[in-house]
Amino acid sequence: MLELRDIRKSYGPVNVLNGISLSFQRGEIMSIVGPSGAGKTTLLQIAGTLDRPDSGEVIFNGQNLLRLKDRKLSKFRNQNLGFIFQFHQLLPEFSALENVALPALIAGRKRREAFDEAQRWLTELGLSHRLSHKPAELSGGEKQRTAIARALINRPALVLADEPTGSLDSRNRDEIKSIISGLREKYNQSFVIVTHDPEIADIADRKVLIEDGLVSPLSPL
């Protein structure tokens with residue numbers, strides 16, 4: 001589905017990624033683990049087309065995404081990828097319902113359809129009683145469930161999650177772990193998760209270790 005080929009990235013004199021090749025399969029959960037500074041988040045951002053490598057290819061269903069102009073790349077990202085961040089990145093002035101509906105509105109869906117779909121996802125994730133609440137009125141776990149709903153509203157082929165439980169307590173961490181596993185089982189949803197949390201990493205079908213900007217030879221590719 002998505003393939004990274006010989007990805008290299010440097011920031012000034014610092015080599016962050018040193019020729020990484022990985023493929024992501026439909027319907028699987030992959031965890032990316034490794035020490036801080038190993039290049040995990042940079043790799044995830046490149047896979048999600050939020051950053052560009054110095055060299056290499058990002059291939060989606062046979063198309064090199066790095067050849068797309070910015071507008072087409074943004075459209076691709078909106079329609080095919082979902083993102084979950086450690087600190088949820090919800091817009092503080094919008095309600096939970098509005099935050100979740102926003103990617104659907106950007107995709108050009110009718111307002112009623114977008115809000116109905118947002119409500120359906122929030123209800124499925126146990127937030128039917130929080131639709132009108134703004135982020136400041138939500139708990140940490142509720143914010144992250146809202147972010148998951150936002151990531152899923154356009155039915156993306158792949159969801160990329162960067163430390164999705166990093167700011168949560170153990171109860172909410174277990175809840176998010178259960179939600180991700182359940183979404184894969186119910187919808188065959190694909191996830192790539194960068195994490196330092198061994199319990200989250202262990203729900204994955206594949207665990208990839210990144211060290212010194214390279215995939216460890218111990219990782220199953």
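Some points to look at:
- Ordering Ser181, Ile148, Phe191 by Cα displacement along the dipole of segment 111-221 toward the positive end leaves Ile148 in first place; charges were set at the Cβ atoms of Lys, Arg (+1) and Asp, Glu (-1).
- Accessible surface for the chain, divided over its residues, is 47 Å² per residue with a 1.4 Å probe.
- Accessible surface ranking that places the most exposed of Leu160, Leu97 first, with a 1.4 angstrom probe: Leu97, Leu160
- Accessible area in the full protein assembly, largest first, 1.4 Å probe, for Arg5, Arg150: Arg5, Arg150
- Reach of Lys110 by Cα under 23 Å, taken over lysines that are not fewer than 8 positions away in the same chain: Lys72, Lys75, Lys134
- Angle in degrees between helix 170-187 and the longest Cα principal axis of the chain, rounded to the nearest 10: 90 degrees
- Ranked order, Val208, Val14 - accessible area, probe 1.4 Å, largest first: Val14, Val208
- Angle between the chain longest axis and helix 140-152 axis [Cα atoms, degrees, rounded to 10]: 80 degrees
- FRET E, pair Arg5, Ala107, Förster distance 25 Å, beta-carbon r, rounded to 0.05: 0.35
- Computed over segment 7-108, the range of Cα coordinates on each principal axis works out to 41, 31, 31 Å, biggest value leading.
- Dipole magnitude of segment 47-151, debye to nearest 20 (Cβ charges: Lys/Arg +1, Asp/Glu -1, about Cα centre): 380 debye
- Only protein heavy atoms count here; on that basis, with a 1.4 Å probe, Phe115 has an accessible area of about 40 Å².
- Using a Förster distance of 30 Å, the FRET efficiency for Asp174-Asp70 (Cβ separation, nearest 0.05): 0.15
- Candidate lysines for bridging to Lys207, where Cα separation is under 21 Å - those fewer than 8 sequence places away on the same chain excluded: Lys40, Lys177
- All-pairs Cα distance distribution in the chain, expressed in whole percent, bin size 10 Å: 8, 34, 36, 19, 3, 0
- Share of carbon and sulfur in the accessible heavy-atom surface of the chain [1.4 Å probe, %]: 49 percent
- Using only side-chain charges placed at the Cβ, +1 for Lys and Arg and -1 for Asp and Glu, the dipole size of the chain relative to its Cα centre rounds to 920 debye.
- Rolling a 1.4 Å probe across all protein chains gives Glu98 an accessible area of roughly 70 Å².
- Per the Cα gyration tensor, segment 20-63 maps to an equivalent ellipsoid with semi-axes of 18, 16, 8 Å, ordered largest to smallest.
- The chain: angle of helix 111-124 to the longest principal axis, Cα-based, in degrees nearest 10: 80 degrees
The values are calculated or read from the model by the stated rules, or taken from the named source; none is laboratory data. Computed from a predicted model, the values in this text were never measured in an experiment. Methodologically, a virtual Cβ is constructed for each residue, glycine included, from the backbone with ideal geometry; neighbour enumeration extends over all protein chains shown. The protein model used for the area step is the full one, side chains on, heavy atoms only, and it has no ligands, DNA or RNA in it. Shrake-Rupley method; radii C 1.70, N 1.55, O 1.52, S 1.80 Å.
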